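Visitor: Below you'll find the structure I mean.
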Amino acid sequence: MSFCPNDGTLLMPKKEEGKSTLICRKCGYKTDAADTKKYRLVVKIPHTPKDKTIVVEGGEAKKYEIDEDEREELKRQALEYYAEEGET
Ligand SMILES: [Zn+2]
């Protein structure tokens, strides 16, 4: 699932000119569906020292048990990813 970077509305899939796009029904934001599929990362940081992180990749949710270093790395990657997304 993808959400609009402007208002957080769930983006709706739509076929347009032969390719799939995702559209925000609230503000009209549009993005290429293929782009959102390539890499989507969600990092959850719960309170316990030993916790689980949920990584969502191409729409499939997988649960990994990772250590502190890996979690920091994932968090950094996620932040970079969202920073890049915001510039476009
Ligand atoms: Zn929107």
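Visitor: Taking only the stretch 12-47 into account, find how many residues are at pLDDT below 90 and not in a strand (DSSP E or B).
Guide: Count: 17.
Visitor: Can you confirm whether the stretch 1-10 contains a residue that is over 18 Å from residue 83 (Cα atoms), of a type outside the set (Ser, Thr, Tyr) and either outside the structural domain of residue 81 (by TED's automatic domain parsing) or at pLDDT below 60 (or both)?
Guide: Let us first name the residues in the stretch 1-10 that are over 18 Å from residue 83 (Cα atoms), namely 1, 9-10.
Restricting the remaining residues to those that are of a type outside the set (Ser, Thr, Tyr) gives 1, 10.
Checking the rest, the ones that are also either outside the structural domain of residue 81 (by TED's automatic domain parsing) or at pLDDT below 60 (or both) come to 1, 10.
Looking through the stretch 1-10, at least one residue is over 18 Å from residue 83 (Cα atoms), of a type outside the set (Ser, Thr, Tyr) and either outside the structural domain of residue 81 (by TED's automatic domain parsing) or at pLDDT below 60 (or both).
Visitor: State which residue is modelled with the highest pLDDT when the search covers only the stretch 59-77 and only residues that are surrounded by 10 or more Cβ atoms within 10 Å (Cβ to Cβ) and of a type in the set (Lys, Arg).
Guide: Ranking the qualifying residues of the stretch 59-77, first place goes to 76.
The values are calculated or read from the model by the stated rules, or taken from the named source; none is laboratory data. Computed from a prediction, not measured in an experiment: that's the story for all the values here. Here Cβ is always computed from backbone atoms with ideal geometry, including for glycine, and neighbour counts include all displayed protein chains.
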